[in-house]
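See structure below.
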Amino acid sequence: MRRVGKYELRLDPEKDMRLPATIYAGENMKIETGAVNQLKNAASLPGVIRALATPDIHQGYGVPIGSVLGCTDIVVPAAVGYDINCGMRVHTTPFDRNDFPAEELARSIRRDIPLGEGHRNVSLDRDRFAEMLRSGVRALIDISTAPSHGHRVWDVFDAVEEKATLNHIEDSGSMKGEVSFASDRAVSRGKDQLATLGGGNHFIEIQYVETVYEDDLAREWGLELDKIVLMIHSGSRGLGHQVGGDYMKKAAQYNERRNDFRPARDLSYFHRDSTEARQYLGAMRAAANFAFANRALMSVLVKHNVRKMLGETELPLLYDVAHNIAKEEDHLGRSIVVHRKGATRAFGPKRMSGTPFSKTGQPVLIPGSMGTASYVLVGVDENADSLASVNHGAGRVMSRTQAAGKRKGRKGKVIKEAAISDHEFQRAMKGITLICEDPRSIKEEAPQAYKDIDEVIEAVVGANLARSVARMKPLAVLKG
């Protein structure tokens with residue numbers, strides 16, 4: 001690696017690399033050797049024209065988490081990953097931080113939204129579920145006007161209000177999904193999981209605006225100092241995981257059958273014009289639609305709890321943006337497949353033409369870690385070199401096992417000591433209400449297990465990939 005700017009590193013071609021790779025990172029950021037090697041492998045794929053990593057880069061499966069890959073001729077399932085369209089949603093509110101019942105609201109939300117893995121909540125019959133996979137949030141709006149579906153979410157679902165949110169969701173929350181290309185196992189895993197949070201780094205947070213960087217834009221977006229905002233981070237649950245796993249396996253078989261070059265065993269791909277690539281993209285979009293619909297239904301329940309407690313009020317959706325997605329976009333004068341894994345779109349005003357954000361640029365939602373700040377940024381037109389992309393979070397510096405330790409059984413002998421003590425964890429969470437599904441494993445998500453979000457955002461802004469609009473701090477956190 002060599003530094004070519006205060007916030008930019010360059011990996012010059014070596015061995016099988018077809019082009020230089022870029023890492024956006026500040027001078028004091030540590031980067032895992034394994035993640036660097038994975039980025040080199042990504043830059044070795046046939047048909048790759050851009051390989052880069054964002055400041056939250058850390059080792060993943062096949063390619064780093066926090067990476068962006070632009071390809072002319074191939075589609076790479078591992079460069080999307082298992083949690084297809086893991087993404088962020090932010091609602092603004094008119095409420096001030098002072099005397100806001102954050103803990104009471106969080107406990108009320110907990111009763112409506114299951115936290116953690118393996119839970120069920122909203123179910124749809126086979127035909128309606130298939131329609132949702134084909135059309136995402138648009139299908140929810142149609143479904144909501146049909147006869148009762150047996151869940152209270154439909155009693156509080158306002159079709160007019162939700163229709164108005166569509167132009168505040170990436171791709172209107174409705175990609176062109178192909179249900180037939182998702183396995184029966186994938187569909188079965190997702191059928192009852194709508195409006196569930198999941199585990200890992202997914203969360204619902206009640207936050208307040210601590211700092212405003214662009215007064216006029218923040219005010220236009222409803223991000224006024226000390227106002228409460230609601231942030232939801234979740235993805236496609238078991239359905240997306242199954243789709244990702246199914247097609248990573250199929251891609252490996254595809255390359256083996258054709259005797260294609262692969263830089264690593266876990267980095268397989270389909271040729272872009274193949275039937276297999278079309279099938280993967282169709283199934284991936286169906287999983288993405290599930291994730292959009294999942295976040296939308298959770299937000300309906302969150303808004304219902306706010307209104308039940310504080311009265312009828314507007315709770316506008318600022319934006320809902322995808323992570324972990326592959327999309328055909330025009331960059332560098334041509335149509336390419338942009339793979340964002342642990343990365344998020346950050347379109348400037350020109351690319352947002354025809355939307356409510358054509359004069360400002362796209363809202364960019366970047367959470368920190370549990371107990372630390374989150375940011376709203378805005379995309380800029382000058383970020384073409386990053387394929388109009390930025391990071392999706394802070395990025396881990398510890399594995400889950402390293403952070404929380406490991407025992408033999410639930411209360412058995414300690415196999416590996418936790419790097420983070422209970423006291424350190426409690427100190428980091430001081431003043432924040434924490435509601436979690438599994439108190440034994442929650443230290444896996446401790447703030448100390450992640451990079452400093454302020455340093456990460458400094459690198460994003462310093463590299464001119466986006467501009468900061470507001471910084472938020474959590475009052476209450478719901479985790480799996």
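Summary table
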| read-out | value |
| --- | --- |
| Members of the stretch 21-70 found to be among the hydrophobic types (A, V, I, L, M, F, W, C), out of contact with any Gly (no Cβ under 6 Å at 6 or more places or on another chain) and in contact (Cβ under 8 Å) with a residue 40 or more places away in the chain, listed by number | ALA25, MET29, ALA42, LEU45, LEU52, VAL63, VAL68, LEU69 |
| Pairs where the first residue, in the stretch 158-170, is touching a residue at least 24 places away in the same chain (Cβ under 8 Å) and the second is in a helix (DSSP H, G or I), C-beta under 6 Å, 6+ apart | GLU162/ILE141; LEU166/SER172 |
| Any pair with Cβ under 6 angstrom, 6 or more apart, that starts in the stretch 1-14 at a residue that is of a type in the set (D, E, K, R) and ends at one that is loosely packed, with under 13 Cβ neighbours inside 10 Å | ARG10/ARG2; ARG10/VAL4 |
| Test result for ALA449, of a type in the set (Gly, Ala, Ser), more than 30 Å from VAL380 (Cβ to Cβ) and crowded, with 17+ Cβ neighbours inside 10 Å | yes |
| First in the stretch 211-232 and over 14 Å from VAL364 (Cα atoms) and of a type outside the set (Lys, Arg), second anywhere and surrounded by 14 or more Cβ atoms within 10 Å (Cβ to Cβ) and modelled with pLDDT under 95, Cβ under 6 Å, 6 or more apart | none |
| Criterion violated by PRO20 - all others in (1) at pLDDT 95 or above; (2) within 30 Å of LEU225 (Cα to Cα); (3) surrounded by fewer than 24 Cβ atoms within 10 Å (Cβ to Cβ) satisfied | (2) |
| Close pairs from the stretch 425-442: first under 13 Å from GLY116 (Cα atoms), partner buried (at least 17 other Cβ atoms within 10 Å of the Cβ) and among the aromatic types (Phe, Trp, Tyr), Cβ under 9 Å, at least 6 apart | ILE442/PHE425 |
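The values are calculated or read from the model by the stated rules, or taken from the named source; none is laboratory data. Remember, predicted model here, so these are calculated numbers, not experimental data. FYI the Cβ positions are ideal-geometry reconstructions off the backbone, even for glycines, and counts take in every protein chain you see.
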